[in-house]
1. Just for the stretch 275-296: of the residues that are at pLDDT below 75 and under 28 Å from R106 (Cα atoms), which one is most open to solvent (accessible area, probe 1.4 Å)?
2. Taking the stretch 72-97, which residues are crowded, with 21+ Cβ neighbours inside 10 Å, closer than 30 Å to W192 by Cα and not hydrophobic (A, V, I, L, M, F, W, C)?
3. Counting only residues that are surrounded by fewer than 11 Cβ atoms within 10 Å (Cβ to Cβ) and of a type in the set (D, E, K, R), which one in the stretch 141-158 is farthest from P186 (Cα to Cα)?
4. Quick one: how many residues across the stretch 12-41 are among the hydrophobic types (A, V, I, L, M, F, W, C), within 22 Å of S57 (Cβ to Cβ) and at pLDDT below 90?
5. Among the residues of the stretch 158-186, what is the count of those that are in contact (Cβ under 8 Å) with a residue 12 or more places away in the chain, hydroxyl-bearing (S, T, Y) and in a strand (DSSP E or B)?
6. When residues of the stretch 231-243 are filtered for being open to solvent by 90 Å² or more (accessible area, probe 1.4 Å) and either part of a strand (DSSP E or B) or under 16 Å from G277 (Cα atoms) (or both), how many remain?
7. Filter the stretch 259-274 down to residues that are more than 8 Å from the chain's Cα centre (by Cα) and surrounded by fewer than 20 Cβ atoms within 10 Å (Cβ to Cβ) and give me whichever is nearest to P202 (Cα to Cα).
8. Output the qualifying pairs, or none if there are none: Cβ atoms under 8 angstrom, residues six or more apart or on different chains, first residue in the stretch 60-71 and open to solvent by 60 Å² or more (accessible area, probe 1.4 Å) and at pLDDT 90 or above, second residue among the charged types (D, E, K, R) and in a helix (DSSP H, G or I).
Amino acid sequence: MKKWVVSGTLLTILTASGVHAAWFDGNDALTSAHQRLLEGKTAASVESMIEAWQQPSLSASRQDHLAQLLALAITEDCGRSLSRQTLPDWLNNVSIRRETVQTTSRVYYRVQVAGESQPGVEAFTLKKWPDETVISDDLSTEQQHRWRLVKDGLSEPVSEGLYQLTAESVAGETWSSWLLLTQPQPRQTLSWKDTRSWHIAPFDDFNSTCQRPFLTLNLYPQNQTDGAPIWSAEKHKRLPTQLPMLDVPNGQYWFSVALIERRWQGALSIEEVQRIGRAIDLPDLDPGSLEAIAPEADNQ
C-alpha cells in the first residue's frame with residue numbers, strides 16, 4: 001500500500017472538497033495529480049493536471065474535479081509553487097487578467113495579457129487547449145517593451161481549463177508556458193449602492209496564503225475610457241466604499257471601481273477582477289483624501 005506523506009490540513013481539505021477514494025483508482029494522470037499533491041510535490045502535481053487536461057473527451061465531472069484540485073494546490077503558497085518554469089531573460093514579467101465588468105445596463109467579460117520586456121516582444125498568443133485562439137497579436141514598435149492585449153465584450157466568462165501562452169522576442173527567441181485557470185468566480189462581490197458609493201461583500205478567507213483583494217478606482221472623461229484616467233487610486237487596506245470629494249470641473253464622467261484578487265502560477269501573475277462602472281455627474285468640490293474614508297466593515 002502506498003504511504004502518503006501529507007499534512008492533516010491538506011487531507012481534511014481534500015476530504016471536505018469531495019475527494020474520495022474513487023479518484024485514486026487507476027494509474028492515469030488525474031490519479032497521479034492527487035498522489036503528487038498529497039506527497040507535497042505541488043509542481044509535479046500540476047504537471048499531471050496539465051496532462052489530464054490534454055486527454056481527449058475529458059468528462060465534465062473530471063474537468064470540474066481538476067479545477068477544484070488546482071484551487072487546492074494554490075492554497076499552499078498562493079500558487080508560487082505550481083510551476084518550476086521561470087521567465088526567460090528577455091521577459092521581465094507576464095500577467096493574465098480575467099475580468100467581469102458590470103455597468104448599469106449590462107454585464108460582460110474580458111481577458112487580458114500584459115507584460116514588460118527590456119529587449120522587446122514581437123508577438124504574443126494565448127490559446128485554450130487544444131486549438132482555440134483567445135488572443136493573438138503582432139506588437140507594434142510602441143508596444144514591444146510594454147504591452148496590454150485585451151479580448152473584450154465576451155458574453156461568457158473565460159472558462160476554467162488549460163491554456164498556452166507563447167511569446168516571440170524581437171530577436172526571434174520563443175518562450176511558451178502552460179496556464180491553468182480555476183473556475184470563474186461564482187458570485188459578484190462588488191455592487192453599487194448609489195452613484196457615489198458601493199458595497200463589498202465579506203471575503204472568503206479560505207485561501208489565506210494570498211494577499212487580500214485590493215481596490216482600484218479610476219475616473220475618466222465621459223466617452224474617453226480608453227485613455228489615461230484623470231484621477232485614480234489604489235487601496236490595499238481599509239478599502240473605501242464611496243468616491244471621495246474631487247477637485248474636477250463640472251461635468252459628466254465615467255467612474256470605475258475594480259476589486260482585484262491576485263495569485264501566481266510560478267512566475268506568472270494571475271488576476272481575477274470584478275469591475276463596476278457607471279456615468280456620474282460631478283460638480284467642483286474641495287479636494288479630499290481617501291485616508292479620510294472609513295472602511296465598510298472590519299473584515300475587509
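The values are calculated or read from the model by the stated rules, or taken from the named source; none is laboratory data. Remember, it's a predicted structure, so these values are computed and weren't measured experimentally. Here Cβ is always computed from backbone atoms with ideal geometry, including for glycine, and neighbour counts include all displayed protein chains. Surface accessibility is based on the protein's heavy atoms, side chains included, excluding ligands, DNA and RNA. Shrake-Rupley method; radii C 1.70, N 1.55, O 1.52, S 1.80 Å.
1. E296
2. Across the stretch 72-97, there are no qualifying residues.
3. Once the filter is applied, the top-ranked residue is E142.
4. Residues in the stretch 12-41 being among the hydrophobic types (A, V, I, L, M, F, W, C), within 22 Å of S57 (Cβ to Cβ) and at pLDDT below 90: 3 in total.
5. Matching residues across the stretch 158-186 total 5.
6. The qualifying residues number 2.
7. Per the stated criteria, the residue is W264.
8. Nothing qualifies.
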